[in-house]
1. Those residues that are more than 10 Å from the ligand (Cβ to nearest atom) and within 24 Å of Gln38 (Cβ to Cβ), I need them from region 156-173; list them, please.
2. I need the full set of residues from region 254-265 which are part of a helix (DSSP H, G or I) and open to solvent by 10 Å² or more (accessible area, probe 1.4 Å), in order please.
3. Only one of these is of a type in the set (D, E, K, R) and closer than 24 Å to Pro350 by Cβ: Glu41, Glu46. Name it.
4. Within region 174-205, work out how many residues are within 16 Å of the ligand (Cβ to nearest atom) and either in a helix (DSSP H, G or I) or open to solvent by less than 80 Å² (accessible area, probe 1.4 Å) (or both).
5. So which of Arg306, Arg289 ends up being touching a His at 6+ places or on another chain (Cβ under 7 Å), among the basic types (Lys, Arg) and at pLDDT 95 or above?
Amino acid sequence: MTAIRYPVTEPHLDDNDRSHLLDAFDSGWISSQGPYLQKFERNFAEFAGTTHALATCNGTTALHLALMALDLKPGQEVIVPTFTYIASANAVHYCGAVPVFVDCSADTWNMDPAAVEAAITERTVGIMPVHLYGMPCDMDAIAQIAQRHRLWIVEDAAEAHGATVNGRRVGSLSTIASFSLFGNKIMTTGEGGVVTTNDPELARRMELLRGQGMDPSRRYWFPIVGYNYRMTNLAAALGVSQLSKAERLIAAHQQVHAWYREALGDVPGIAWQGERPDTTSVQWLTSIRLRAAEHRPALRDELMARLRADGIDTRPFFYPMHSMPPYESSRPFPVADAIASSGINVPSSPRLTREDVFAIAARIRHHVEEIELGDVFGGVSVSVPDATGVPDTERAISSAAA
Ligand SMILES: Cc1ncc(COP(=O)(O)O)c(C=O)c1O
């Protein structure tokens, strides 16, 4: 098998990250207390533009904390896009509540506000917009719906650190927001997450729930059932140094995306994730759709297999939640189905140079044109039965991760 020259993502780790991590190690503060935790939370709140930020052990626990703090109860409904990573839906499920899936907009691939409005019932208590692949949702429209129906909003900003809507950063646009700091994200702490809010009472509740529910003024007294969802000081040390280069990392992702657009913008067979005029994507992962593969994922898989043979890793778009066994639904989600079956994330490491991106893009162009031609003239011979079954080569990333 060809060695992978270009992974989809890779963590950006440098000497400053190493010295922060070693400093935490040498201090002996390796568990969930220590000066880096406070510093990281302070700095992250400043980065997101909120009054509170709380660090957690991953982005899924961050989402779960947010929903518990909002007292999400069994039987209640939360509106979630069907086109997202499974953690968004699972966090709702952990509370015994029901994720009600909605289709996405054809342009941004994010939750369609009209579909949100149509999905509201008397059991709906909240909306969970997900800023997919770094692209912010139509938050103005979603906020108006939430206000009209007195619903809370939990932003799942796992993939969108630093993205903006009307100049304000995601994470500050909702009741509570959640971020992931997994190794493939723009910033990482290895495993890690953050919740942000401007509501001191919600912050207090999340802090209580995160720390096993221990009464802050009475040690070993637990007035509620809590969780151990804490981050370690070791991880927070890495978080502090990663945050200090956040603007550079975001700019590098956006630059990589701009090079792809420059190199492939004229290929009619490729469709791009659209950006609303009021939003700025951080382009966590540059994502393209092979138009010919709508409802024919074999063509998309063929493109992935051919790129892999060139040493270029890609990953398929998420399967929509309504197609997954725990959440299977026969309701139609035509836009999400068409997008999910035809899309791939292409190498998006902030280390890529212009030459790298143009070299990758040349192979993409070549294969897309060949696949389209083959499709028109008698069908494509698919060289790998299902490229999505090939192990993920994202560095340091487990196969279950988003
Ligand atoms: C949209 C979305 N939500 C939630 C998560 C969960 O984050 P984590 O993997 O840190 O638990 C992820 C994944 O990384 C994600 O992509």
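The values are calculated or read from the model by the stated rules, or taken from the named source; none is laboratory data. Note that the structure is a prediction, hence the values are computed from the model and not measured. Here the Cβ is made from the backbone with ideal geometry for all residues, glycine too, and neighbour counts use every protein chain on show. For accessibility, only protein heavy atoms count, side chains too; no ligands or nucleic acids. Shrake-Rupley method; radii C 1.70, N 1.55, O 1.52, S 1.80 Å.
1. The initial filter retains those residues of region 156-173 that are more than 10 Å from the ligand (Cβ to nearest atom), namely 161-173.
His161, Gly162, Arg169, Val170, Gly171, Ser172, listed by residue number.
2. Gln254, Gln255, His257, Ala258, Trp259, Arg261, Glu262, Ala263
3. Values: Glu41 fails: closer than 24 Å to Pro350 by Cβ.
Just one listed residue meets the conditions, Glu46.
4. Residues meeting the conditions: 21.
5. Working: Arg289 fails: touching a His at 6+ places or on another chain (Cβ under 7 Å).
Unique residue meeting the criteria: Arg306.
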